[in-house]
Structure formats: structure tokens, C-alpha cells
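The values are calculated or read from the model by the stated rules, or taken from the named source; none is laboratory data. The model shown is predicted, which means the values in this text are computed figures rather than measured ones. Cβ placement follows ideal geometry from the backbone for every residue including glycine, while neighbour counts extend to all protein chains displayed. Note: areas computed on protein heavy atoms with side chains; ligands, DNA, RNA excluded. Shrake-Rupley method; radii C 1.70, N 1.55, O 1.52, S 1.80 Å.
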Amino acid sequence: MGIDLRQVVAGILTLTMFVMLGQMIKRDHFDSLQDKLPGEAQDVQVDNANVIEKDGLVKPSKGSKGPWMKDSQELKPCWSRTTFDGIEQSRGYVTFSLTNGPEYHVSQMADAVVVARYLEAALVLPDIRGSRPGDERNFEDIYDVEKFMKSLNGVVKVVKELPNEISIRDLAAVKVPNRVTEDHIVENVQPIFKSKGNIRLATYFPTVNMRKTTQKSSVDSVSCLGMFGTLELQAEVSEVVDSMIERLRTLSRKSDGLFIAVDLRVDVLENKNCHGSGTNVAKSCYNAQEIALFLRKVGFDTDTTIYLTQSKWDNSLSVLKDIFPKTYTKENIMPEEKKGKFLEFEGSELEKVIDFYICSKSDVFVPALSGLFYANVAGKRIALGKPQILVPADIPGTSAAVMNYLAPYVAKKNHLAYSCFC
């Protein structure tokens with residue numbers, strides 16, 4: 001019996017489609033799990049030889065070795081001063097703390113500004129508390145106080161501290177979910193505020209979903225301002241971040257100063273089940289070897305410079321450095337005179353801030369870990385016109401088109417940031 005060439009070709013095409021479908025389903029599962037990367041599977045145009053622009057999202061960066069993508073135009077805020085009514089005489093105070101790193105800070109700030117604005121209360125400048133005992137700082141140790149207060153001028157009254165006559169013990173503790181709604185404030189916060197007069201606010205995170213919604217609310221503009229328009233680094237911290245980025249660009253001469261930032265922390269990997277294998281196993285995180293293989297298969301040259309959010313070098317990262325020798329952690333590229341202060345202990349708020357802002361400004365960002373860090377770095381990058389975010393996967397075969405792995409937040413334009421910026 002002769003072989004029908006058309007049947008052979010059809011069989012190959014069918015097998016290829018099933019492989020691609022399997023990868024898409026796995027990434028969708030990776031993105032949609034609770035405490036995992038939010039988003040949906042993407043449908044971007046793919047070309048195995050070139051990066052293709054899709055709806056103005058990305059363009060190839062010509063002249064550089066590897067699948068680099070150009071920045072898009074920096075977006076402008078959709079909110080403006082004219083959208084906010086003047087504030088009334090403040091009635092009571094809202095206090096809160098920024099905790100657990102900048103990926104939480106931006107959400108906590110947004111909720112606090114929304115609540116204070118709705119209650120017509122004064123917002124007390126927050127302190128900053130890390131996850132480790134003793135890691136407590138003043139707001140001005142990390143963020144610019146004057147710019148913060150100026151950003152909320154005419155929107156929410158901000159005071160630097162509670163009046164002496166009000167004791168911290170008299171504050172009513174109130175918890176609100178991330179992305180607090182007007183209905184939640186009316187039902188669960190306003191009655192307590194009216195009864196007690198002053199509250200201590202804390203945000204909890206039932207989900208890390210940062211997808212935009214179709215429902216419009218009167219608090220949307222205030223929330224956008226709180227999340228994207230209030231927190232700027234103070235001068236010393238900003239200078240350290242800028243010097244580290246400049247160092248990474250200097251190390252990346254062969255790729256025109258371009259570098260990749262990878263959110264990969266060994267301690268977090270050890271606490272997650274990242275060891276799944278096989279075509280049907282969904283994963284929520286990827287180890288150093290898997291990230292190295294992913295980057296090679298989508299086309300990045302071995303001379304590519306990589307920044308890791310890992311605090312200090314760990315032997316488990318050697319496999320990544322073997323493939324990409326220019327792989328660095330903070331201790332390798334931070335100015336020597338700043339290490340005593342900024343690397344005083346592992347996992348401090350200062351370390352987390354450095355990671356967040358380097359990942360936000362890198363030429364490509366790869367989240368090896370799911371969670372809020374990915375979600376809010378994505379929002380920051382979208383606002384800055386840096387949509388080059390690649391969600392990793394176990395790629396069958398030896399190569400794949402980089403655009404297959406563009407973050408769903410960007411490919412679908414479904415991140416909350418797209419509601420805040422035009």
C-alpha cells in the first residue's frame with residue numbers, strides 16, 4: 001500500500017496543534033490559580049523567525065542579538081485633577097502601614113486613598129513594616145514624602161502624624177479586601193468610622209487578580225491615582241537603583257545594553273511545589289535550570305545579561321550561570337559603599353524595593369514565580385511603556401517563537417493598568 005503524502009502532512013500538523021494547545025492550557029492554568037499569575041491564554045500572531053507587532057504591543061529591536069523587543073510609548077494617566085471634586089473638611093483619620101514589599105505597597109496605598117477619600121477623612125502618612133521583626137522604617141526612608149503629599153493635594157488631606165490627643169489604642173481596626181469597592185466601604189467600613197471616628201486600616205488579599213473589570217465605579221479614578229500616582233522613590237534609593245541598572249547595561253555591551261530581570265528567589269521556590277514534570281502537569285513556578293532552558297529556546301544568546309531577585313548567590317543557581325555566565329544578584333552589582341545599608345539582612349524592605357524597580361525597568365521581565373510581585377510589576381511596566389514580559393513554560397523541542405510566551409496581561413490588554421492609562 002502506498003503512502004499518501006497528504007495524510008502524513010495532515011498528521012504532522014495535527015500533532016503540532018495538540019502540542020501548542022497543551023502549552024497554552026498549561027500557561028492558562030499557571031496564570032489563573034489562586035495566588036498564581038492572573039490572566040488568560042493569549043492569541044498573539046507568531047512568526048518563528050521574527051517578533052511580530054500585534055495591536056501596537058511590541059516591535060522587534062533590530063540590531064540586537066536575540067529576540068529583544070522595543071519599548072512602546074509611555075502611557076498617560078486617564079485621570080486628571082478635573083475629575084476630582086474638592087475635598088470637604090476632614091472628619092476623622094485613617095491610619096495604615098505599608099507592609100511586605102512594594103508589590104503590596106501599591107495595592108495598600110490604593111485602598112487607603114480610596115477609603116479616606118470616600119469617608120472624607122484625613123490620611124495619616126504610613127510607616128513601613130517588613131516581614132521580619134525589627135524591619136520597621138519611616139515612609140521617607142524609601143519614598144518621597146513631598147511628592148506623595150503633592151500627588152494627593154485636593155484629593156485627600158494628608159497629615160504626617162495623628163494629633164496628640166488621639167491615642168493609637170482608640171483606633172478601630174478595619175480590614176478591607178484588595179481593590180476595595182464602594183459597596184464594601186458603605187456596608188463594612190463607614191458604620192465603624194461613624195461610630196469610632198478614627199480607624200486603623202489593613203488590606204488583605206483574597207486574590208492577586210489584577211485584571212481590569214467591565215464595571216465602572218466612582219472610586220476608579222481615585223484608585224488609579226493611589227496605585228500609580230503616589231509612590232516615588234526618595235533620592236538615595238532611586239540613585240542606588242539607577243546605578244545598578246547602569247551597571248547591568250555596562251555589562252551588556254554585546255546586546256546594546258539590554259538585560260533581562262528574572263524574579264527567582266530560592267527560598268520561595270523551596271516552599272512551593274515547583275518540581276512537577278510531564279506534559280500534563282501545570283506549574284506555578286520555575287527553577288533556575290528551567291528558566292535557563294526557556295530563555296535559550298526562545299532565542300536569547302548565552303552572552304545575555306540576567307539580573308536575579310535572589311538576595312545572595314545560591315549553589316542551585318549555578319546551572320543558570322553555566323548557560324548564561326553574565327547572571328548577577330544584588331551583591332554583584334550594588335555599589336560597595338551602599339551594601340551595608342541596603343543589604344543589611346536578607347529579604348529586607350529595601351532589597352524588595354530594589355528588585356521591584358529593577359524588574360519594572362529592565363528590557364525584559366520574566367516571572368519565575370507566580371503572585372502579586374508579577375502582577376504589580378506588570379502594571380508598573382505597562383504604565384512605563386515596557387510590555388516585554390515573558391511567562392515561562394516547559395517548551396518541547398529545541399526552539400519556540402518568543403511571542404508565544406508574552407504575558408497574558410499584555411497580550412490581552414486585560415491588566416488593571418490599561419483602565420488607568422490611555
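Observations on the model:
- Computed from backbone phi, the HN-Hα couplings of the range 230-235 come to 10, 9, 10, 5, 6, 4 Hz, rounded to whole numbers (Karplus: 6.51 cos²θ - 1.76 cosθ + 1.60, θ = phi - 60°; Gly and Pro given as x).
- More than 20 Å apart - percent of Cα-Cα pairs taken over the range 235-420: 53 percent
- Taking 0.36 nm per residue of separation and subtracting the current Cα-Cα distance, fully stretching the chain between Thr207 and Glu232 would add 6.5 nm.
- Residue order for Ser318, Ser284 - accessible surface, 1.4 angstrom probe, largest first: Ser318, Ser284
- Label-point separation in nm, Glu120 to Ala172, each point 7 Å along Cα→Cβ: 1.7 nm
- For Glu136, nonlocal amide neighbours, meaning residues 5 or more places apart or on other chains whose placed amide H falls under 5 Å from its own, are Gly130.
- With every protein chain in place, the range 235-420: carbon and sulfur % of accessible area (1.4 Å): 46 percent
- Cβ-defined net charge surrounding Arg129, 9 Å radius [Lys, Arg +1; Asp, Glu -1]: -3
- Taking 7 Å steps out from each Cα toward its Cβ at Glu331 and Lys216 produces label points 5.3 nm apart.
- Positive dipole terminus of the range 235-420, leading residue within Ala368, Ile354, Leu343 (C-beta point charges): Ala368
- Tensor-based shape of the range 93-229 (alpha-carbon gyration tensor, a/c under 1.5 rounded, otherwise prolate or oblate): rounded
- Measuring between alpha carbons in the structure, the pairs from Lys254/Lys330; Lys326/Lys352; Lys326/Lys413 lying more than 30 angstrom apart are Lys326/Lys413.
- Rg [Å, one decimal], Dmax [Å, integer] - the range 139-297, C-alpha atoms: 22.1, 64
- Measuring only protein heavy atoms, the 1.4 Å probe finds Arg247 accessible over about 110 Å².
- GluC sites (Glu not before Pro) within the range 315-357: DSSP coil, no more than 16 neighbouring Cβ in 10 Å: Glu344, Glu346
- List Lys283, Lys338, ordered by accessible area with a 1.4 Å probe, largest first: Lys338, Lys283
- Cβ-based charge dipole, the range 282-422, positive-most Cα from Ala407, Leu320, Ile333: Ala407
- Tyr204 accessible area, 1.4 Å probe, all protein chains in place, Å² to nearest 10: 100 Å²
- For the set Asp71, Asp135, Asp127, the ranking by accessible area, highest first and with no ligand, DNA or RNA atoms included, is Asp71, Asp127, Asp135 under a 1.4 Å probe.
- Using the Cβ-Cβ distance between Lys254 and Lys147 with R0 set to 35 Å, the FRET efficiency works out to roughly 0.40.
- For the range 93-229, the number of Lys pairs separated by eight or more positions or lying on different chains, with C-alpha atoms closer than 20 Å, is 7.
- Prolate/oblate/rounded call for the range 214-258, Cα gyration tensor, a/c under 1.5 rounded: oblate
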